[in-house]
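The values are calculated or read from the model by the stated rules, or taken from the named source; none is laboratory data. What you see is a predicted model, and the numbers here were worked out from it, not measured in a lab. Cβ coordinates were reconstructed from backbone atoms using ideal geometry, including for glycine residues, and neighbour counts include every protein chain displayed.
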Amino acid sequence: MYLNPLFANVSQAERVALVRSSELRSYRRNEVVLAAGSWSDRVYCVASGLLRVVEHGSGRPQPIDVTTDFIRQDEFFIGPSLAEDAFQARHTLVAALPSSVHLIPVVALRTLCSAYPEVAIGLLELAIARMAVMRNQLRRMSALSTEDVVSRVLHQLTVLAPASTGAFDKRISQSVIASYSGLSREVVNKTMRDMEQRGLVRRDDQGVHVPADFASTDFGRLLPVEKNLASVEPNQVDPVFLQGFSHAPADPWGRKPEAD
C-alpha cells in the first residue's frame, strides 16, 4: 500500500510507516483545507477531488481573491521548503470539489527523500513541470481575447475536474472560473452564455461539455507514473533540491479583472 505513485519503489515497511504517520481527511466543496497565515507541519497530497490555491487580494473597495493554481489527484501542495519541519502558509488552500487529502508529515517526506533519491527527483520534476505550465499560460494568455481565455480555462477544467469524456464537473462554479481566469464573474457568465447559444458549450446532468478541439491546453499528467525512477543512481540528488519545492505566489495571468 502507498499513498501516492511516487512512493511505489519505497519498501513496504516504510510505506506502512508513512501511512501510519499520515492522516486522511475529507473536505466539503469550498471548505478551507489550509488558511493563509496558519502554520502547518504537513504536506498535502490529494487522494481524490480537486484543491485550489488562493491568493488573497488587497484592492479596494473589495479585495479580489485569485485562484493561482489547482492541485489534483496524486499531486502535492508543499510549503516553501522541505528543509524546515513546519511552515507558515502564504496562500489559502480550498477544496474546489469534495476532496480527500493525505496529510503527510514534512519530516517523514524529507526522510524518504534522503533515503530514496528517486522520490526527491520525482517531486522536483513535478515542481518544474508545474512552473513550466504556469509560464506558458502567462505568456500565451496575456495576448488572448476574453473568449479565448474562457475557452482555454474550460478546456483545462476537463482535465483538472473531469466528469465524463470532454466534460468537467458542473460543481466548478463560474466564480471559480473567473477567479482562475483573471476576469470578473459577470464577464465569464456573459461569455459562457454566448458560447452555449452558439453551441460551443453544452450543459447536462453529467457536467459542462467542451469540444475536444475547443482550445489547446498545457495540462498533461505532470507525474509520469510509468517512469522507472528506481533506475536513478543513489546520491545523485543534491540536498539543495529540497529547498526549491514551492508554489509560485504570483497571479498566473498577471492581469486585472476585465470591466463589464
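Would you call Ala36 surrounded by fewer than 18 Cβ atoms within 10 Å (Cβ to Cβ), in a loop (DSSP other than H, G, I, E, B) and touching a strand residue (DSSP E or B) at 6+ places or on another chain (Cβ under 6 Å)? Criteria met by Ala36. Residues considered: Ala96, Ala47. Of these, the only one that is in contact with a helix residue (DSSP H, G or I) (Cβ under 9 Å, 6 or more places away or on another chain) and small (Gly, Ala, Ser) is Ala96.
Scanning region 8-42 for residues that are among the polar types (S, T, N, Q) and either free of Cβ contacts under 8 Å to residues at least 24 places away in the same chain or farther than 13 Å from Leu109 by Cα (or both) yields Asn9, Ser11, Gln12, Ser26, Asn30, Ser38, Ser40.
Only residues that are in a strand (DSSP E or B) and of a type outside the set (Gly, Ala, Ser) were counted across region 197-216, and they come to 5.
Here is a yes/no grid of residues against (1) within 18 Å of Val46 (Cα to Cα); (2) among the hydrophobic types (A, V, I, L, M, F, W, C):
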residue	(1), (2)
Ile128	no, yes
Val133	no, yes
Asn136	no, no
Ser142	no, no
Ser145	no, no
Val149	no, yes
Leu154	no, yes
Ala161	yes, yes
Ser164	no, no
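Phe219 meets each of the listed conditions (1) in a loop (DSSP other than H, G, I, E, B); (2) within 24 Å of the chain's Cα centre (by Cα); (3) at pLDDT 75 or above; (4) of a type outside the set (Gly, Ala, Ser) apart from (3). Beta carbons closer than 9 Å, at least 6 apart along the sequence or on distinct chains, pair a first residue in region 124-150 that is aliphatic (A, V, I, L, M) with a second that is at pLDDT 75 or above and in a loop (DSSP other than H, G, I, E, B) for Leu126/Glu75; Ala127/Ile78; Met141/Gly182; Val149/Gly182; Val149/Leu183; Val150/Leu183. Candidates Leu103, Leu112, Leu93: the one that is modelled with pLDDT of 90 or more and either over 30 Å from Ser173 (Cα atoms) or of a type in the set (Gly, Ala, Ser) (or both) is Leu112. All of (1) touching a Lys or Arg at 6+ places or on another chain (Cβ under 9 Å); (2) among the aliphatic types (A, V, I, L, M); (3) part of a strand (DSSP E or B); (4) surrounded by fewer than 18 Cβ atoms within 10 Å (Cβ to Cβ) hold for Ala47 with one exception: (1).
Residue count for region 178-197 satisfying the condition of being among the hydroxyl-bearing types (Ser, Thr, Tyr) and within 16 Å of Phe214 (Cβ to Cβ): 2.
Say we look at region 4-55 and pick out the residues that are polar (S, T, N, Q) and under 16 Å from the mean Cα position of the chain (by Cα); which of these is farthest from Pro98 (Cα to Cα)?
Restricting attention to region 4-55, the residues satisfying the condition of being polar (S, T, N, Q) are 4, 9, 11-12, 21-22, 26, 30, 38, 40, 48.
Checking which are under 16 Å from the mean Cα position of the chain (by Cα) leaves us with 4, 30, 48.
Details: Asn4: 19, Asn30: 8, Ser48: 8 Å.
Filtering region 4-55 for residues that are polar (S, T, N, Q) and under 16 Å from the mean Cα position of the chain (by Cα), the one farthest from Pro98 (Cα to Cα) comes out as Asn4.
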